[in-house]
Amino acid sequence: METEEDFKSIRGFEPISSDQMYQIENIGESEFSMKKILMMENAGSRIADFLINEFGDGIVNKSIIAVCGKGNNGGDALVAMRHLSGYILSKTLSENTPELTIVLLCNPNDLKTSEAISNWEIIKKIGSVKTYTLESCSLEEIEEAITKSDIILDGIFGTGIKGEINEPYSGIIQFINTRKNNSYILSVDIPSGLNPDTGKINDKAIIADTTLTFHRPKHGHLNGATAVGKLIVKKIGIPYEAEKGVVKNN
């Protein structure tokens with residue numbers, strides 16, 4: 001795995017803090033009209049493309065579950081599942097389609113952002129993707145769905161989580177980790193529970209096989225190798241000029 005020093009030598013991919021990333025996103029939207037819903041769309045499509053490339057033709061036989069929290073991290077995973085559904089269904093007969101499942105670890109009314117809400121509204125109308133919420137099923141049913149999945153997308157927490165993790169998130173994180181070496185675990189942006197700036201696990205965190213982050217790596221990715229696994233960094237269309245005044249030497 002690359003170190004912080006490795007990334008410092010790659011122009012445009014030097015590590016930044018989570019606060020710098022928030023600033024860049026906000027500037028991208030407010031000054032360059034790069035709406036956050038476009039960033040989410042691009043992030044989700046990068047996740048789907050990565051998995052399609054990683055598994056090749058075998059992706060059409062994989063059962064995939066996305067475990068999503070209230071914020072835009074979960075929204076990215078929702079977009080990814082939509083793209084994966086479109087790709088897999090185009091390659092298979094409907095009766096042979098593997099299970100594609102989304103678990104929303106909240107009441108849909110508690111989704112935090114308009115971007116996540118918009119993508120949940122789309123997902124609800126897609127018959128090929130099974131959806132669970134905390135109100136519609138039990139934790140046992142969620143655990144059973146996770147157990148049956150070949151690929152687990154971790155979209156529970158983004159870079160905003162840095163402290164103690166409450167239920168049901170705590171138990172779900174622990175359960176996902178029991179699937180290590182049985183299911184392929186891909187964390188969206190950062191393993192849920194990992195401090196994005198220090199790389200420390202303050203309570204508990206997903207231990208991912210791969211973490212796919214966006215725009216630039218964060219310091220915590222490079223100091224939390226055990227949880228991060230293989231680190232992939234993808235650009236999502238944020239103008240380079242949005243970094244001016246936020247990132248040194250830009």
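The values are calculated or read from the model by the stated rules, or taken from the named source; none is laboratory data. Treat the numbers as computed from the prediction; the structure is a model and nothing was measured. FYI the Cβ positions are ideal-geometry reconstructions off the backbone, even for glycines, and counts take in every protein chain you see.
Run V246 past the list (1) closer than 22 Å to L51 by Cβ; (2) at pLDDT 95 or above and report the number of the one that doesn't hold.
(1)
Among the residues of the range 235-250, write down those that are of a type in the set (A, V, I, L, M) and within 19 Å of G44 (Cβ to Cβ).
I236, I238 - these are the residues of the range 235-250 that are of a type in the set (A, V, I, L, M) and within 19 Å of G44 (Cβ to Cβ).
How many residues are of a type outside the set (V, I, T) and closer than 22 Å to I52 by Cβ if we restrict to the range 192-215?
5
Yes/no per residue for (1) closer than 17 Å to D76 by Cα; (2) over 21 Å from the mean Cα position of the chain (by Cα); (3) at pLDDT below 90:
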| residue | (1), (2), (3) |
| --- | --- |
| I10 | no, yes, yes |
| Y22 | yes, no, no |
| S33 | no, yes, no |
| K36 | yes, no, no |
| M40 | yes, no, no |
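Being under 15 Å from the mean Cα position of the chain (by Cα) and assigned to a helix (DSSP H, G or I) is the filter here, so list the residues in the range 61-82 that pass it.
Hits for the range 61-82 are N72, N73, G74, G75, D76, A77, L78, V79, A80, M81, R82.
Please find, among I165, I122, I173, I117, the residue that is more than 19 Å from R46 (Cβ to Cβ), modelled with pLDDT of 95 or more, in contact with a Lys or Arg (Cβ under 7 Å, 6 or more places away or on another chain) and not in a strand (DSSP E or B).
Going through I165, I122, I173, I117 in turn, the sole match is I173.
Just for the range 135-162: of the residues that are among the hydrophobic types (A, V, I, L, M, F, W, C) and farther than 27 Å from L89 by Cα, which one is modelled with the highest pLDDT?
F157
Quick check on N61: is it under 23 Å from R179 (Cβ atoms), at pLDDT below 95 and not hydrophobic (A, V, I, L, M, F, W, C)?
Yes; evaluated as a whole, the condition is true for this residue.
Mind checking which residues of the range 221-243 are buried (at least 20 other Cβ atoms within 10 Å of the Cβ), modelled with pLDDT under 95 and small (G, A, S)?
Answer for the range 221-243, where residues must be buried (at least 20 other Cβ atoms within 10 Å of the Cβ), modelled with pLDDT under 95 and small (G, A, S): just G224.
Residues in the range 134-149: is at least one outside any helix (DSSP H, G or I) and touching a Leu at 6+ places or on another chain (Cβ under 7 Å)?
Looking through the range 134-149, at least one residue is outside any helix (DSSP H, G or I) and touching a Leu at 6+ places or on another chain (Cβ under 7 Å).
Could you say whether any residue in the range 147-158 is over 15 Å from S63 (Cβ atoms), over 17 Å from the mean Cα position of the chain (by Cα) and touching a residue at least 12 places away in the same chain (Cβ under 8 Å)?
Checked against the condition, which is being over 15 Å from S63 (Cβ atoms), over 17 Å from the mean Cα position of the chain (by Cα) and touching a residue at least 12 places away in the same chain (Cβ under 8 Å), the range 147-158 yields no hits at all.
Take the range 114-146 and flag every residue that is within 17 Å of the chain's Cα centre (by Cα) and among the acidic types (D, E).
Of everything in the range 114-146, just one residue is within 17 Å of the chain's Cα centre (by Cα) and among the acidic types (D, E), namely E115.
Output yes when any residue across the range 83-98 is part of a helix (DSSP H, G or I), surrounded by 15 or more Cβ atoms within 10 Å (Cβ to Cβ), in contact with a helix residue (DSSP H, G or I) (Cβ under 6 Å, 6 or more places away or on another chain) and among the small types (G, A, S), and no when none is.
Within the range 83-98, none of the residues are part of a helix (DSSP H, G or I), surrounded by 15 or more Cβ atoms within 10 Å (Cβ to Cβ), in contact with a helix residue (DSSP H, G or I) (Cβ under 6 Å, 6 or more places away or on another chain) and among the small types (G, A, S).
So how many residues does the range 216-236 have that are over 13 Å from the mean Cα position of the chain (by Cα) and either more than 20 Å from N53 (Cα to Cα) or part of a helix (DSSP H, G or I) (or both)?
Within the range 216-236, residues that are over 13 Å from the mean Cα position of the chain (by Cα) and either more than 20 Å from N53 (Cα to Cα) or part of a helix (DSSP H, G or I) (or both) number 12.
Report, ordered by the first and then the second residue, all pairs with beta carbons closer than 8 Å, sequence separation of six or more or different chains, a first member in the range 18-36 that is under 12 Å from E241 (Cα atoms), and a second member that is surrounded by fewer than 17 Cβ atoms within 10 Å (Cβ to Cβ) and of a type in the set (D, E).
Pairs found: F32/E241.
Just to be sure I understand, how many residues within the range 196-215 are in a loop (DSSP other than H, G, I, E, B), surrounded by fewer than 23 Cβ atoms within 10 Å (Cβ to Cβ) and free of Cβ contacts under 8 Å to residues at least 60 places away in the same chain?
8
Return yes or no: is I47 among the aliphatic types (A, V, I, L, M), surrounded by fewer than 21 Cβ atoms within 10 Å (Cβ to Cβ) and either in a loop (DSSP other than H, G, I, E, B) or modelled with pLDDT of 95 or more (or both)?
No.
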